[in-house]
2 protein chains.
Amino acid sequence: MRISQLSAASGVPIPTIKYYLREGLLPQGEQTAATRAEYGEGHLRRLRLIRALLEVGRLPVAAISQIIEAVEDDALPVHQMLGTAHYALASPVEVQPDDEAHQAARERVDTLIAELGWHIHPEAPTRDELAQILVRMDQLGMPATDGELRHHAGVILRLVAEREMTKIPFDGPRETAVESLVVGTVLYGKAFDVLRRLAHESESARLLAPEG
Amino acid sequence: MRISQLSAASGVPIPTIKYYLREGLLPQGEQTAATRAEYGEGHLRRLRLIRALLEVGRLPVAAISQIIEAVEDDALPVHQMLGTAHYALASPVEVQPDDEAHQAARERVDTLIAELGWHIHPEAPTRDELAQILVRMDQLGMPATDGELRHHAGVILRLVAEREMTKIPFDGPRETAVESLVVGTVLYGKAFDVLRRLAHESESARLLAPEG
């Protein structure tokens, strides 16, 4: 299809498509004449991925760009490619080297991961992300105990392993696996968050306004 | 304490504290002389709340402002006050009136909430937020079935009701209840999200790189 048809099919304006082409988020179309390129189903699917990451995932373009680079780099082993995608989804945490509260929380996180027997890269930015949240919980007088963390981690691992990972086509093309993983992580993460807020509203209503 | 001491104790620079005072996020100190005001523990706690909502929750100042207004409005019944706080945490979703996919997803959400027997306001923005995510999942070929949604909702309600709501001091001062609810919602939500990404990484590693 031509760029105008790609725009109509995806709902993405032509100037935005051209921006994605320039940034390398979207692969170039097949040049069929000096001023004409053909686009296919792959372009349509990629556009949907980009919009979902932007609009639902609220990821910055730089993070999307990292994810797409990993998808396209055939030399990267699948596990590392998925790691790149995972780490692009982490919120960068700035840690001061003399921040003792953070160092203590980070040790708690490392111990928790070791006790759970989870396979997490020693340099995974997610470790510091979780440590930062634990520090905030302490500061705000709502500390999470190790027992609570282990309980939450167990429940979440079961949901992820039994309900989410089973949807990822690991035996298909690598692009499909990463797309499913990233989209699944972002969308299921959002769905979780919304369901949690709904459960909070419902429980507050039940406790405080039983007539409602 | 003076503003300089408040700054030292909170780690928030004086110009930022003055900005929060101008925006009404932080209540004015007690004026003890023409150019001198006294601040107390309440200011310190409020500053920590603002920083947590900004840095951990990544909420825009407008949302923080809405939450703090609800905290400070003693005339607002507790349940409505908590509702305001909840809705400030929702990501606004723009719905086109002729968007049939969205309307169908919204009906699924309304049916799900009714079947679960959850107490959710009919105008809660969270309903459209969840509907938008369902539409994206369909578009990207990773649809969530009603059975999966009900299963996730049940697991999440148990965690929220048994582990999170029990920490909120509903019988204490109203400010404390909202602070706990908002901070708990944001921080537990973030902790959930990070634990989910860790579980994803661990499961991918286990499935794809068993030697790791």
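The values are calculated or read from the model by the stated rules, or taken from the named source; none is laboratory data. Please read these numbers as outputs of a predicted model, since none were measured by experiment. When we count neighbours, we look across all protein chains shown, and the Cβ atoms used for this are built from the backbone with ideal geometry, even at glycine.
Computed quantities for the displayed model
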quantity: The listed residue being in contact (Cβ under 8 Å) with a residue 24 or more places away in the chain and small (Gly, Ala, Ser), out of B:Ala131, B:Ala144, B:Ala114; calculated: B:Ala131
quantity: Unique residue being more than 18 Å from A:Val186 (Cβ to Cβ) and at pLDDT below 85 when the list is B:Glu164, B:Glu107; calculated: B:Glu164
quantity: Candidates A:Ala131, A:Ala85, A:Ala114 - the one that is more than 10 Å from every other protein chain (Cβ to nearest Cβ) and either touching a Cys at 6+ places or on another chain (Cβ under 6 Å) or not β-branched (Val, Ile, Thr) (or both); calculated: A:Ala114
quantity: Pairs with Cβ under 9 Å, 6+ apart, first in the stretch A:4-17 and without any contact (Cβ under 8 Å) to a residue 24 or more places away in the chain, second of a type in the set (Gly, Ala, Ser) and surrounded by 15 or more Cβ atoms within 10 Å (Cβ to Cβ); calculated: A:Pro13/A:Ser7; A:Ile14/A:Ser7; A:Thr16/A:Ser7
quantity: Residues that are more than 7 Å from chain B (Cβ to nearest Cβ) and more than 10 Å from the chain's Cα centre (by Cα), drawn from the stretch A:168-205; calculated: A:Ile168, A:Pro169, A:Asp171, A:Gly172, A:Pro173, A:Arg174, A:Glu175, A:Thr176, A:Ala177, A:Val178, A:Glu179
quantity: Residue selected from the stretch B:94-116 under the condition outside any loop (DSSP other than H, G, I, E, B) and among the polar types (S, T, N, Q), by the criterion surrounded by the fewest Cβ atoms within 10 Å (Cβ to Cβ); calculated: B:Thr111
quantity: Criterion: more than 19 Å from the chain's Cα centre (by Cα) and within 28 Å of A:Glu164 (Cβ to Cβ) - qualifying residue of B:Ala105, B:Ala131; calculated: B:Ala105
quantity: Breaking point among (1) surrounded by fewer than 18 Cβ atoms within 10 Å (Cβ to Cβ); (2) at pLDDT 90 or above; (3) within 11 Å of another protein chain (Cβ to nearest Cβ), for A:Ser91; calculated: (2)
quantity: The stretch A:34-65, subset of a type in the set (D, E, K, R) and not in a helix (DSSP H, G or I), residue farthest from A:Gln5 (Cα to Cα); calculated: A:Arg58
